[in-house]
Every structure is written in structure tokens, then in C-alpha cells.
Amino acid sequence: MKEKYTGCLLGFYLGDALGVTLENMEEKEIKNKYGIFQDITGGGPFNLPPGEGSDDTNILIITATSILRDPENPYPILFEALQKEVLKRPELYGTATRTALEAYELFGFIPDKIESYLISKLGERLCGNGSLPRIIPAALFYSNDEIFREYSLKLSRLTHPHPVTDYVALFTGFFVKELLSNTNRLKAYEEALKKTDFYLKRETLAKARVSRERFYRLSYLNACDLKTSGFVTDTVEASVYIFLAEDNPFDIIIKSANLGGDADSRAAITGALAGAYYNREKLPGELLTKLTRFTLLEHLGHQLWAKRW
């Protein structure tokens, strides 16, 4: 089980590091720039060098560290650490994250005020991908489903208070949790859908109806139907589709990154799913060795496993 924890975090990091290289690119651009391209139906080798990753990996690390330091109240620690990171490289972080930090500076950690401030500033703008790196450590650490639901929704809503994000983030977390123990990927997917329905309020499910229906219809999709925008439903839908369609971690992560568009968030989630299911030993070692924060992510995986609730 410990290897699945480290595999989940390292798979996330690897997907992010590969995906950020292809961020906002189209298939033709990838071919022109790198000469080789492995599309959703197969292709040649892939040798893009992964780097540091994006803000997704930074947020993953900050969240895991905050949960380990104070499992009952990780949020102020998370905000303090995030403030320091954003000051170093503000260009890495999205509007929602910076707006949430503005609210934290104004009100301190008062979730209702932060949420109201976000809604007043961002209105109906919705991406939601920023919630996903916070969901992964929560899914690994909070073993009890009810406790996980409580913490995951709070973590998600710190920057993306929207019913669609609630639904997609909770589903992603439950899918990770199911993959840790379930040997059947499709069964794990079906159980995650059921648990998400069970643990969310009816009004939330109603407001997230369109996204929910897309996840239930996933098995009817074709690869050409996958969307590559930064919308959280598009990201997780494509991640889950590729994870279920491919049979080894290398193809799963590489093909997700090669879709281009919002490649870092999508490939990170695909990598997390692959790592949680196949475990750390089955991830592509030749790419893992290029990850500059490999040791840190492995250590955090061990700690989440050892101290899990």
C-alpha cells in the first residue's frame, strides 16, 4: 500500500512535469517542435525531458505538508505557505489562487468570508483545476469517507466555491481512494460515482447535473470527443477516460500529456490515478529519475501512508 501512496504523488508530479512542456499546444505544434508525437491511438517513443512541474505540483506539496503538520486544521498552514510561494513566482498561479490569498489577508482564515469574497470577485468564472492538487493528498490521508468528504470540500472551496468543482473534486478523490484497494479499475470508477452521489447534497448534484451526466456517460465517449480546455470537468473526464482505456502507466501518462491544451493539470491527474492503481514500482523509471523533487515527493507519500487517519 505504501508504494501506491508514493506512486500516486510521483505519478501526479511526472504527469505535471511532462504536461507543462506541452501546455496550450496543439498536435501539429507538438509534431513541429519535437518531431515525434504519440497520439491517443499509439505512436512512437516519447523523450521530452520533465522539469520542475507547474503550480499544480507546488500546491500538491504544500497541501500534503499542511495536512501532515496539522490534520485537524491544515488550512492556515496551507495559506501561509502558499503566500510565500506566490510571492516568489506570482506568474505561476491563477486568478482564483491569488484572489483567495487576497481574502486571507483581509479576513484571516474565515472560510465563509473567503468564499463570499471569491464569489464577489470571480462571479461565475469557473475553471476549478486548482482544487485538484489539494484533493489528492486529502484522499490519501483521510481514510474515513465521511471525514474525507468534510476536508476535501473545505480544501476545494478555498479557491473554487462552485457546485461543479465540488462534484468533480470529490469524485476525483473517491476514485483515487477506490484505486488504492480495488483491483478492478472499472469497478473503482463505478464505486467512486456512487460515493460522490451519496456524500453530496441534492442541490449540489442538481447544480452540477451536466458534469455529473458526463461522468456517467464516460464509457460511451470516443477519444476524439475529449476536450482539452482548462475547465475542471474537461480535465478530469479526459484523465479518467485515458486511464481506463490504456493498460500501462507509461502510455496512460504520455498519451494524456500529448493531448496538449491544459496538459499539465490533465496529465497530473492521470498520473495520480495511474500511480495509485499500479504503484510506484510500475511508473516509468527512466522518466522518474529526471524529476528534480523525486525524493521529496517519495518522502511525502511515505509520511501520508504512515500517518493516515
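Numerical summary
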| item | result |
| --- | --- |
| Verdict on residue 44 being modelled with pLDDT under 85 and under 15 Å from residue 130 (Cα atoms) | no |
| Filter result for residue 117 (modelled with pLDDT of 95 or more, surrounded by 14 or more Cβ atoms within 10 Å (Cβ to Cβ), not small (Gly, Ala, Ser) and not in a loop (DSSP other than H, G, I, E, B)) | no |
| Residue within the stretch 159-179 that is of a type in the set (Phe, Trp, Tyr), within 20 Å of residue 301 (Cα to Cα) and modelled with pLDDT of 95 or more present | yes |
| Residue list for the stretch 120-141, restricted to those being in a helix (DSSP H, G or I), charged (D, E, K, R) and free of Cβ contacts under 8 Å to residues at least 60 places away in the same chain | 121 |
| Residues satisfying the stated conditions in the stretch 158-186, i.e. touching an Asp or Glu at 6+ places or on another chain (Cβ under 6 Å) and in contact (Cβ under 8 Å) with a residue 40 or more places away in the chain | 161 |
| Exclusive hit being part of a helix (DSSP H, G or I), modelled with pLDDT of 85 or more, among the hydroxyl-bearing types (Ser, Thr, Tyr) and farther than 30 Å from residue 306 by Cβ, set 65, 6, 57, 99 | 99 |
| Test for residue 165: is it surrounded by 14 or more Cβ atoms within 10 Å (Cβ to Cβ) and either touching a strand residue (DSSP E or B) at 6+ places or on another chain (Cβ under 8 Å) or basic (Lys, Arg) (or both) | yes |
| Condition check for residue 90: in contact (Cβ under 8 Å) with a residue 40 or more places away in the chain, surrounded by fewer than 17 Cβ atoms within 10 Å (Cβ to Cβ), in contact with a Lys or Arg (Cβ under 9 Å, 6 or more places away or on another chain) and not charged (D, E, K, R) | no |
| Check on residue 24, farther than 17 Å from residue 133 by Cβ, modelled with pLDDT under 90, loosely packed, with under 14 Cβ neighbours inside 10 Å and more than 21 Å from the chain's Cα centre (by Cα) | no |
| Test: residue 213 is farther than 30 Å from residue 298 by Cβ, of a type in the set (Asp, Glu) and in a helix (DSSP H, G or I) | yes |
| Pick from the stretch 219-238, criterion in a helix (DSSP H, G or I), without any contact (Cβ under 8 Å) to a residue 60 or more places away in the chain and hydroxyl-bearing (Ser, Thr, Tyr), ranking: surrounded by the most Cβ atoms within 10 Å (Cβ to Cβ) | 219 |
| Condition check for residue 205: farther than 22 Å from residue 277 by Cα, surrounded by 15 or more Cβ atoms within 10 Å (Cβ to Cβ) and modelled with pLDDT of 95 or more | yes |
| One residue from 298, 286, 246 being among the charged types (D, E, K, R) and in contact (Cβ under 8 Å) with a residue 40 or more places away in the chain | 298 |
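The values are calculated or read from the model by the stated rules, or taken from the named source; none is laboratory data. None of these values were measured; they are calculated from a predicted model. No Cβ is skipped: glycine too gets one built from the backbone with ideal geometry, and neighbour counts run over all protein chains shown.
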